[in-house]
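**Student:** Supplied in structure tokens, the structure appears directly below.
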Amino acid sequence: MKKFITLLLSFILILTASVPPVFADEFYTSSNDQILTVAEFERLFPSDYTYSTYYEDATGNNGYIKFDIINNKTYVELYINNILSQRAYSSPDENIIRWIEYDAQSRSSNSALIQSCLYSDMITDITFQNVENNSYELYSSIFSPEGWNFLMNRPSNAMISGSKPCSIYSKNYDDEPDQNRYSGKQIKAGVGTAVSVIVSLVATFITGGVTVNTIIVSLGSAIVSDVITSAISGNVCFSTQKIRYAPVIDGMNIFPDAYITKRWVIISDTVHRTESIKLDNAEYQYNRGHDAYAIAANAQQAEVDSRH
């Protein structure tokens, strides 16, 4: 097994050194970038980062990624087993991706080269024809349970004097989580592409509950150390799903306008024709409370206030 892992790592490292991050039949390949010195390139990166994520590859290496999006530019640092391995920078406005893969032994910038390729060679915008929502908002204080799903009963709230029990119901305003797609991106990258480069492309999609490893795996590849093991081609986008809630006290829907909208990341592998739907944010938008418990408590308070 150890011999297999060693051979696999050697194979990937060879590919990393020889294969550009775009497919071999593309007209543009990566090249050494002489516009900036290594020191100038490194000074572009912030000292503090807003986002971070982790992964563990098939061989037990621990990857730690710090990244940020500043003025429509994405900055990425990747560490393998707590040692700096890569830096990447992407700018759609400049149509450029630049990155450094540090020496595997010293992890220093002494022998590092800045590589670059066109941003548009790896990622492009896509649009969607979303499913039309034929449902409509029904604002009524008189509650009928028809068409609603019962969630739970909440007893009188000890924190709210004079409050009454509250029953919570829900129903999907959007039937499916993938019918409101937006911010679509078509992504392609070759075998051996640096993981930091992938992060610089999909950073917007991994600021919530989805990781870069999830996206890479959903696109049919995997991570070994700090590169991907096979070429990827697919689409990534957001989608929202609105869910309505009814907090009912004494047969009255206290908040007819209560809702919580979830945001999802949709990952479509166009090579293997598969699609994955991953939860990004369970409370992306909401009205009257960020979850069912908060909606119930707020309804109990509102009902008490209405009697005074």
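**Student:** So how much slack lies between L84 and S183, counting 0.36 nm per residue of separation and subtracting their Cα-Cα distance, in nm?
**Tutor:** Going from the current span to full extension adds 32.5 nm.
**Student:** What is segment 249-305 by shape, rounded, prolate or oblate, if you read a ≥ b ≥ c off the alpha carbon gyration tensor as root eigenvalues and call it rounded for a/c under 1.5, prolate for a/b larger than b/c, and oblate otherwise?
**Tutor:** prolate
**Student:** Further, regarding this structure: Cut-off is 10 Å between beta-carbons; in what order do I198, I123, I70 appear when sorted fewest neighbours first?
**Tutor:** Fewest to most other Cβ atoms nearby, the residues stand as I70, I123, I198.
**Student:** Now, a different point. Quick one: K66, K188, fewest Cβ neighbours within 10 Å first, how do they rank?
**Tutor:** Fewest-to-most Cβ neighbours within 10 Å comes out as K66, K188.
**Student:** Using Cβ contacts closer than 10 Å as the measure, can you line up L113, L78 from fewest to most?
**Tutor:** Ranked by crowding around the Cβ, least crowded first: L113, L78.
**Student:** Here's a follow-up. For K188, go through the aspartates and glutamates and keep the ones whose alpha-carbon is under 13 Å away, minus same-chain ones fewer than eight residues off.
**Tutor:** D25, E26, D121, D125, D269
**Student:** Now, a different point. Quick one: net charge of A299's neighbours, Cβ under 14 Å, K/R +1, D/E -1?
**Tutor:** 0
**Student:** What is the set of long-range amide H partners of N180 at a cut-off below 5 Å, with H atoms built 1.01 Å from backbone N?
**Tutor:** Answer set, sorted by chain and number: T240.
**Student:** So, counting K/R as plus one and D/E as minus one, what does the shell of residues with Cβ under 12 Å around N71 add up to?
**Tutor:** So the surrounding residues net to -2.
**Student:** Now for a different question. What's the extension gain from A302 to E42 if we count 0.36 nm per residue and subtract their Cα-Cα distance?
**Tutor:** 88.1 nm
**Student:** Using θ = phi - 60° and the Karplus relation 6.51 cos²θ - 1.76 cosθ + 1.60, list the HN-Hα couplings for segment 234-240 in order, rounded to whole Hz, with x at every Gly or Pro.
**Tutor:** Whole-Hz 3J(HN,Hα) from phi for segment 234-240: x, 10, 10, 7, 9, 8, 10.
**Student:** Compute the signed sum of charges (Lys and Arg +1, Asp and Glu -1) over the other residues within less than 13 Å, Cβ to Cβ, of S52.
**Tutor:** Taking every other residue near S52 into account, the sum is -2.
**Student:** In the structure displayed, which of K185/K278; K185/K242; K171/K242 lie more than 20 Å apart, Cα to Cα?
**Tutor:** The pairs that break the limit, which is 20 Å between Cα atoms, are K185/K242.
**Student:** From Cα pairs below 8 angstrom and at least 6 apart in sequence, can you work out the relative contact order of segment 166-276, rounded to a whole percent?
**Tutor:** Relative contact order, segment 166-276: 35 percent.
**Student:** Can you pull out the trypsin sites (Lys or Arg not before Pro) in segment 256-308 that DSSP calls coil and that have at most 14 other Cβ atoms within 10 Å?
**Tutor:** When the trypsin sites (Lys or Arg not before Pro) of segment 256-308 are filtered for loop state and at most 14 Cβ neighbours within 10 Å, R273, R307 remain.
Just so you know, all these numbers are worked out from the coordinates, no wet-lab data involved. What you see is a predicted model; the values in this text were computed from it and never measured. Cβ atoms come from the backbone with ideal geometry, glycine included; neighbour counts cover every protein chain shown.
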